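Data block below; observations after.
The values are calculated or read from the model by the stated rules, or taken from the named source; none is laboratory data. None of these values were measured; they are calculated from a predicted model. Please note: Cβ atoms are built from the backbone with ideal geometry, for glycine as well, and neighbour counts cover all protein chains shown. Calculation scope for accessible area: heavy atoms of the full protein, side chains included, ligands and nucleic acids excluded. Shrake-Rupley method; radii C 1.70, N 1.55, O 1.52, S 1.80 Å.
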Amino acid sequence: MTELVAASPGLLPLPDWAKADLSDLKGHQKHDLISGDEGDEIVETYEQARAEVVDLQTDAGLDLVGEGQLRWDDMLAHPLAVHDNVETRGIVRYYDNNNFYRDPVVTGDLTFDGDVAAELEAAAEHTGSLQAVLPGPYSLADLATDEHYGDDAEFLDAVADFLADEADAFPDVETLFLLEPSLVENPPEDGEDERASEAIDAVASAVDADVVAHTYWGALEEKVYAHLLDADVDAVGFDFVAEQEDNLYNINEYGATDDVALGLVNGQNTLQEEPEAIRERVEWVQEQTPGADFDRAYLTVNTESFYLPYAEFERKLAALAEAASTQEVTA
């Protein structure tokens, strides 16, 4: 039997009132985006919004509650965008969609910052089931520009060490989701795939919590997946909205971690999934992977969900929670 855990992989949409207030307080230009030195009104607005989305997840019945990453104007690039030794420059398309972020150009050593830990400390006041979210080291390095380290392998190691130091400062969290879409969108080449796995391992080893390496927007190439299994993670996440057959192939051909994260709810489409349909998808995955005997399955939105209108996002969370409410399924 598999324990079902309802969760969301981070970067949640802002409540409508907060979006309107912050539009007035911050403006809409590149220089108006979060830099880490915001005024009191902006800070207080984000604090109120954070408390609301934490309560929303709790009320919806999620087993794990995220901080929300509402301040992450630059999506996964945020931890670098607010760093003192990083300059944010031109606007860059965020993968293959209609969102954009400021190019974080690393110009000095990636020393400890503590921005993400501070967000989690604030969220911990509102929940006892805290889930942390970080960009995976490979994806964060892929989204950034290096003007300091001068070598791709050294830069990846530096990003991994930076994230590990950030994670080490977290309050007690039950689970850490490392978001690694670049492993799918811009897969590492031979040799680099092993380094990517080692970088993920370095971050995972920094926390006393279950770690999920969550991938999305497709399936991993075979060698990349095989190397990812070498990392010290408790679960690998699969996007079963964007791709089914190749994800099933990887699991059946190369095995899997003891736990799994199943991206079964579409984080970029307002079409509402019913709880019964989500449960059927869980059972279908188990039927299609007879060699896997998962101890735990995290039921999640496949991608970050900031793309969604707030009301639709709320309904999707409730559906996930209801789908997981029976707690156990038998393959």
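Restricting segment 242-251 to residues that are under 21 Å from THR2 (Cα atoms) and open to solvent by 40 Å² or more (accessible area, probe 1.4 Å), the residue that is farthest from the chain's Cα centre (by Cα) is TYR249. For segment 1-38: of the residues being open to solvent by 40 Å² or more (accessible area, probe 1.4 Å) and assigned to a loop (DSSP other than H, G, I, E, B), which is modelled with the lowest pLDDT? Among them, the one singled out is HIS28.
Would you check if ASP109 is closer than 20 Å to SER197 by Cα, open to solvent by 30 Å² or more (accessible area, probe 1.4 Å) and in contact (Cβ under 8 Å) with a residue 12 or more places away in the chain? Lay out the reasoning, then the answer.
Working: closer than 20 Å to SER197 by Cα: no; open to solvent by 30 Å² or more (accessible area, probe 1.4 Å): yes; in contact (Cβ under 8 Å) with a residue 12 or more places away in the chain: yes.
No: the conditions fail for ASP109.
Contact map, segment 264-277: first residue free of Cβ contacts under 8 Å to residues at least 40 places away in the same chain and more than 20 Å from ASN247 (Cα to Cα), second residue open to solvent by 40 Å² or more (accessible area, probe 1.4 Å) and not in a helix (DSSP H, G or I), Cβ cut-off under 9 Å, separation 6 or more or different chains; pairs are ASN269/VAL241; ASN269/TYR307.
Filter segment 252-290 for residues that are open to solvent by less than 10 Å² (accessible area, probe 1.4 Å) and assigned to a helix (DSSP H, G or I); which is nearest to LEU12 (Cα to Cα)? Quick ask: steps written out before the conclusion?
Quick first cut of segment 252-290, residues open to solvent by less than 10 Å² (accessible area, probe 1.4 Å) only: 260-265, 267, 278, 282, 285, 289.
When the remaining residues are screened for being assigned to a helix (DSSP H, G or I), the result is 278, 282, 285.
Values: ILE278: 20, VAL282: 23, VAL285: 26 Å.
Of everything passing the filter in segment 252-290, ILE278 is nearest to LEU12 (Cα to Cα).
Considering only residues in segment 291-316 that are over 18 Å from LEU262 (Cβ atoms) and hydroxyl-bearing (Ser, Thr, Tyr), the one that is least open to solvent (accessible area, probe 1.4 Å) turns out to be TYR310.
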